[in-house]
Each structure stands twice: as structure tokens, then as C-alpha cells.
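To keep things clear, I will list the structure first and then write my remarks on it.
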There are 2 protein chains.
Amino acid sequence: MIDKDLLEHLEGFLTERRRGLFTKVLAERTRHFTVAVEDVYQLHNTSAVLRSCDVFGVQDVHVVEASLGKKMDREIAMGAQKWVDIQRYTNTQKCIDTLKSEGYRIIATTPHKDSQYLHEFDVTQKAAFFFGKETEGLSEEVLAQADEFLKIPMVGFTESLNISVSAAITLQHVTNKLRNSDISWQLTEEEILEKRFDWCKKTIKSIDDIVNRYKEERF
Amino acid sequence: MIDKDLLEHLEGFLTERRRGLFTKVLAERTRHFTVAVEDVYQLHNTSAVLRSCDVFGVQDVHVVEASLGKKMDREIAMGAQKWVDIQRYTNTQKCIDTLKSEGYRIIATTPHKDSQYLHEFDVTQKAAFFFGKETEGLSEEVLAQADEFLKIPMVGFTESLNISVSAAITLQHVTNKLRNSDISWQLTEEEILEKRFDWCKKTIKSIDDIVNRYKEERF
């Protein structure tokens, strides 16, 4: 449970504009949808997916990397990406298991399967959208365990879209549909408090000092 | 006017698969919408926009570059981009004038204006979607002469999307809406014949020899 008094104390160190922005952004955040990125080699692609998640209000992103590098940490710390929560896995199965245990349906996005089209997608249930490698696409592991397949209709010579583009189109469409539905997609009050606390910590440089001083004064 | 006999003769040099692909793609091509890209520095961004045009069936793209370089020519010749028609301009005004004279409404895509949202956009009339520079966005020239402003709803910290992502989201949405409408958006029969002829020329390596031989034999 978040200590509301401590949170208010911490938020006193933020500018009013910043506090307002946190509230506004959090009101639009969702965990009804999440995104999983599987072994994407080019960091700028993963980075663009994270950015789209922020833009369209998806709070959690799951990243599968055969080897967890330091490169992503640096990149994430810099951009708007730090406002989405990233869970990292060294193998796909762990990622699928985690998401299934959290009640997500596994949605494999792939142009090659006899998939449903994006516009037919039913947004009612919690869904994790999987995006795969630049050239090969998703692994057999994901394809075999997917609950649904999804594709963006394409009518030209090009047979696939860049992963950052596919993810952006998919997220834009499904989150817009979700926001215009009766589904309760928002974060809970407790989740919002947690994120406010977390974002305070990410914003205030000497946060540990402030928290300690607050505790000393109080107890 | 396209010489249908010559076209049939030329198409005899294509594989059946290729002929079928041309017919299929052309049935989905449109000039109801077009795209204009203004002074985009990074070639891979322009290239991604061209790819999206191919994917979503937009036949014509207008590119404004202060200086026309050779780099784009090489890039275009390689990818799926060779199947869209590119018109290049050295200044924005010429591009706007051309598009207006062809009956296009000028649609400035920009997150900063009090614009209509993508999902509110009325697809009834011919429209040219303008996309601007990576950081500065569209020029004052475009903003001052635009008939409408359009933006993609964004609810995070990030205040703008990469141009290739914005263009893909916009085109995917408006072309999908168009295809589900009663609007006659397809190319005319004559336009389709022209493109079949053009695409034959782009496919057959010794096309000039074949055309000349055909003419010699016939006349």
C-alpha cells in the first residue's frame, strides 16, 4: 500500500505542471492491453515500440532478449520510454507464462497466417500483442501458443511492415477502440498511486534523502 | 492512349504470377488520397513513407526537397517504392499549387494545432496529406494554406511521433475508411492500363528492344 501522506509530501517537490501532467497521463494509462517484443535486434525498433506504448497509453511492455544487454538500459533512461514499465526475459516461454498467468490472451501479429484483420479484433478481453524479429517474425513458440492471430490489411507489393510501424498501427487502432467502448480499461486507484510514487522517484534526484528525512521526522 | 495490343504483347514476357500480382495490386490503388513529404532529411523516413503508400494502395507521392539529390533515386530503384509514382519539387509552393490544381484538399498533419482527430476525418473529398520535417514539422507555407489540420490522438509524455509512424497510422486509417465507403476511389480503366504499361517497362529489362521489334514487325 502506498503511504498517501508521503506521496503528497514528495509531490510537493514537483512543479504544478509536472503533477498535472502525471495525473492527466495516468488517467489514460491501461493494463488491459500490453505489448511483448521478441528478440528484436535493432534497438531503435524496440525503442520506437516503447514510445508508441507511451503515446497510446499502454503501461507495460515485455521484452524478450536472448541476452540482456546494457544498451537498452541506457536508451530507456533517456527517452519518454522511462514512463512505461519494462519487464525483461531471457526466453519466450517465461514471457508467455507470465502473461497467461496475468490473464492475458496471447495475440500473435503476423502477416503470414490466415489471421483476422486488425479491424475485426474484439477488444473485450485482456490482450498481449506479440511483435517479432525484423525479418523472421515471431518464433514457433509464440505461434504455437497464441490464442489469436492478427494482421494489418496490406494491398501493395510490400509483404511486411517494419515492426515499429506495425506496433504503432496496431496500438493506435485497438486503444482507440477500447477508449470508445464501455470496458473498464483504466488503472485501479491503487495502481495510479503506485505509479505516482514511482514517477516521483524517477523525477526527484535526491529522492532517497527526502524519503529518509520524512521518515526520521515522522517516527 | 495505351496501345492495348502492344501491352498484351509485352505482358506476354511476364510470368503469370507477376501479371496476376499487377492486376491485384492495381485494383486496390487509389489517387483519391495522396501524400506530400516536406523536406524530410533522413532518407529512411521518406523511404518508409513510400513503403506505407505502397502497402495501403496510395499511388502518388509528392516529395519537396530544397535540393534534389541522387541518393533517393538509388534507394527508390531498389525497394517496393518503385511501384509508387514520385513527383519531386524544389519548393513547397509548387507542390501545393500542383495538388490544388488537381483538386486535392491540403491536409496538414500536425500535433500542435487545434486540429481535428484522425478518426473524425471525412474521407469524401480528394485529400493530400502533408508530413513535415522530423523536428520542426511542416513549414508556415503549408500551415497557412492548409484546408484542414489533422492529428493523431496521443495520451502520453511523448509529444510527437516519428514521421514514418504518423504517415503509416494516418494512411492505414483513412484508406481503410475509404475502402469501406461508397466513394469511387479506384483508378480509371485508362489509368490502370497506363500503370500496367509502366510496370511492364520497369520489369522487363530489354523493353526498348521488344517495343522496337514489335513496331517494326507491325508497320
How about segment B:10-22: which of its residues are closer than 30 Å to B:S181 by Cα and either aromatic (F, W, Y) or touching a residue at least 12 places away in the same chain (Cβ under 8 Å) (or both)?
B:R18, B:F22
Is there a residue in segment A:133-152 that is of a type in the set (S, T, N, Q), in a helix (DSSP H, G or I) and either under 16 Å from the mean Cα position of the chain (by Cα) or more than 30 Å from B:N45 (Cβ to Cβ) (or both)?
yes
Would a scan of segment B:90-104 turn up a residue that is crowded, with 21+ Cβ neighbours inside 10 Å and in a strand (DSSP E or B)?
no
Log entry, pairs with first residue in segment B:192-210 being over 14 Å from B:D85 (Cβ atoms), second being charged (D, E, K, R), beta carbons closer than 9 Å, six or more apart or on different chains, reads B:L193/B:K4; B:C200/B:E11; B:T203/B:R18; B:I207/B:K201; B:D208/B:K201
Could you list all residues from segment A:187-202 that are out of contact with any Ser or Thr (no Cβ under 9 Å at 6 or more places or on another chain) and outside any helix (DSSP H, G or I)?
A:T188
Looking at B:K205, B:K215, which is the one that is outside any helix (DSSP H, G or I), over 20 Å from the mean Cα position of the chain (by Cα) and away from chain A (no Cβ under 14 Å)?
B:K205
Where residues in segment A:3-40 are of a type in the set (K, R) and within 14 Å of another protein chain (Cβ to nearest Cβ), which of them is most open to solvent (accessible area, probe 1.4 Å)?
A:R17
Please find, among B:S166, B:S160, B:S184, the residue that is under 22 Å from the mean Cα position of the chain (by Cα) and not in a helix (DSSP H, G or I).
B:S184
So, first residue of a type in the set (S, T, Y) in segment A:104-126, second residue not in a strand (DSSP E or B), Cβ within less than 7 Å, six or more apart or across chains; the pairs are A:Y104/A:K126; A:T109/A:S166; A:T109/A:T170; A:T110/A:L138; A:Y117/A:P153; A:T124/A:I183
Which condition number does B:S139 fail, the rest of (1) modelled with pLDDT of 90 or more; (2) within 28 Å of B:V25 (Cα to Cα); (3) in contact with a strand residue (DSSP E or B) (Cβ under 8 Å, 6 or more places away or on another chain) being met?
(2)
If you check every pair at least six apart or on different chains, which have Cβ atoms under 8 Å apart with a residue in segment A:157-170 that is facing chain B (nearest Cβ under 7 Å) first and a residue that is among the hydroxyl-bearing types (S, T, Y) second?
A:L161/B:S52; A:N162/B:S164; A:S164/A:S52; A:S164/B:S164; A:V165/B:S52; A:V165/B:S164; A:A168/A:S52
If A:T188 passes every condition in (1) surrounded by fewer than 16 Cβ atoms within 10 Å (Cβ to Cβ); (2) hydroxyl-bearing (S, T, Y); (3) within 11 Å of chain B (Cβ to nearest Cβ) but one, which one does it miss?
(3)
Conditions (1) touching a residue at least 60 places away in the same chain (Cβ under 8 Å); (2) surrounded by 13 or more Cβ atoms within 10 Å (Cβ to Cβ): number failed by B:L43:
(1)
Across segment B:176-185, which residue is least open to solvent (accessible area, probe 1.4 Å) among those that are more than 8 Å from chain A (Cβ to nearest Cβ) and within 20 Å of A:M154 (Cβ to Cβ)?
B:L178
Here are some residues: A:E140, A:E134. Which one is more than 18 Å from A:V55 (Cα to Cα), open to solvent by 50 Å² or more (accessible area, probe 1.4 Å) and either of a type in the set (F, W, Y) or in contact (Cβ under 8 Å) with a residue 60 or more places away in the chain (or both)?
A:E134
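The values are calculated or read from the model by the stated rules, or taken from the named source; none is laboratory data. No experiment lies behind these values; they were computed from the predicted model shown. All Cβ positions, glycine included, derive from the backbone under ideal geometry; neighbour counts span all protein chains shown. For the accessible areas, the whole protein counts, side chains as well, though only heavy atoms, and no ligand, DNA or RNA atoms are used. Shrake-Rupley method; radii C 1.70, N 1.55, O 1.52, S 1.80 Å.
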